[in-house]
1. With respect to THR156, is the statement that it is part of a helix (DSSP H, G or I) and out of contact with any Ser or Thr (no Cβ under 6 Å at 6 or more places or on another chain) true?
2. Among what's in the range 23-41 and is touching a Lys or Arg at 6+ places or on another chain (Cβ under 9 Å) and either without any contact (Cβ under 8 Å) to a residue 60 or more places away in the chain or not in a loop (DSSP other than H, G, I, E, B) (or both), pick the residue that is farthest from PRO4 (Cα to Cα).
3. Give the residues of the range 46-100 that are of a type in the set (A, V, I, L, M, F, W, C) and either under 27 Å from the mean Cα position of the chain (by Cα) or surrounded by 12 or more Cβ atoms within 10 Å (Cβ to Cβ) (or both), sorted by residue number.
4. Out of the residues in the range 20-45 that are at pLDDT below 95 and farther than 24 Å from ALA137 by Cα, which is surrounded by the fewest Cβ atoms within 10 Å (Cβ to Cβ)?
5. Regarding the range 132-146, can at least one residue be identified that is crowded, with 19+ Cβ neighbours inside 10 Å and either more than 25 Å from VAL82 (Cβ to Cβ) or among the polar types (S, T, N, Q) (or both)?
6. Quickly run through the range 125-141 and pick out the residues that are in a helix (DSSP H, G or I) and within 17 Å of ALA188 (Cα to Cα).
7. Condition first: touching a helix residue (DSSP H, G or I) at 6+ places or on another chain (Cβ under 7 Å) and part of a strand (DSSP E or B). Now tell me which residues in the range 167-189 satisfy that.
8. Select from the range 101-124 the residues that are assigned to a helix (DSSP H, G or I) and in contact with a helix residue (DSSP H, G or I) (Cβ under 9 Å, 6 or more places away or on another chain) and write down the one among them that is surrounded by the fewest Cβ atoms within 10 Å (Cβ to Cβ).
Amino acid sequence: MLKPGGHVFLASNTFLSQLVFTSLIEGGLEFRSIIIRLVQTLRGGDRPKNGEREYPYVSSLPRGRHEPWGLFRKPLPPGMTVSECLRKFGTGGLQRNYDGKPFGDVIESKRTPTYERRIAPHPSLKPQTYLRKLVHAVLPLGQGLILDPFMGSGSTVAAAEALGITCIGLEYNTEYYKMSLEAIPKLAVFDTAVWKKGVSTRPLL
């Protein structure tokens, strides 16, 4: 389904990323980069189990302060340049930020705001400020179709809707799918103009 030169963003964590990323590479996608979402997580930093008092100054794992997202691309046809791919398929690169600067591989991101989690109480809900950056970047010419095959409560679909981009979401879990029907229109109306200036989004309602 992916056009030549089309990109894939894949959310992961430090435990699974090496396994999942390798599988996608073996499946034929090009590994392009890791997008680091700088966010304080709740994973790691614990003292050794059943040895908390004996080893109070030891952590079994570092405290998580980032979330690795894999960036992959479907290979360009042999001999085709990115410019040629852009002309033929509208793919091959990433769209620059609204200020003209290149899309970066490190993105500061606070935890999902409470008002967004109230709208869509999904266990892994990502904030609109973060998702809109990815949605904007993935279509280099600002045109095309985005597919989210694991949409959860629909936050990626909402981010695309806010930016006027067509996105199809698929979700196996019936509970999350029903949640998305109400969550998408509410998340999509957050002030896009304010977001483009780099300020945290707030509901318009």
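1. The answer is yes for THR156.
2. Residue satisfying both the conditions and the ranking: THR41.
3. LEU61, TRP69, LEU71, PHE72, LEU76, MET80, VAL82, CYS85, LEU86, PHE89, LEU94 - these are the residues of the range 46-100 that are of a type in the set (A, V, I, L, M, F, W, C) and either under 27 Å from the mean Cα position of the chain (by Cα) or surrounded by 12 or more Cβ atoms within 10 Å (Cβ to Cβ) (or both).
4. LEU42
5. no
6. Matches in the range 125-141: GLN128, THR129, TYR130, LEU131, ARG132, LYS133, LEU134, VAL135, HIS136.
7. Listed by number, the residues that qualify are CYS167, GLY169.
8. Among those residues, the one meeting the criterion is ILE119.
The values are calculated or read from the model by the stated rules, or taken from the named source; none is laboratory data. Just so it is clear, the model here is predicted, and its values are computed rather than measured. Neighbour counts run over all protein chains shown; Cβ positions are idealised from the backbone, glycine included.
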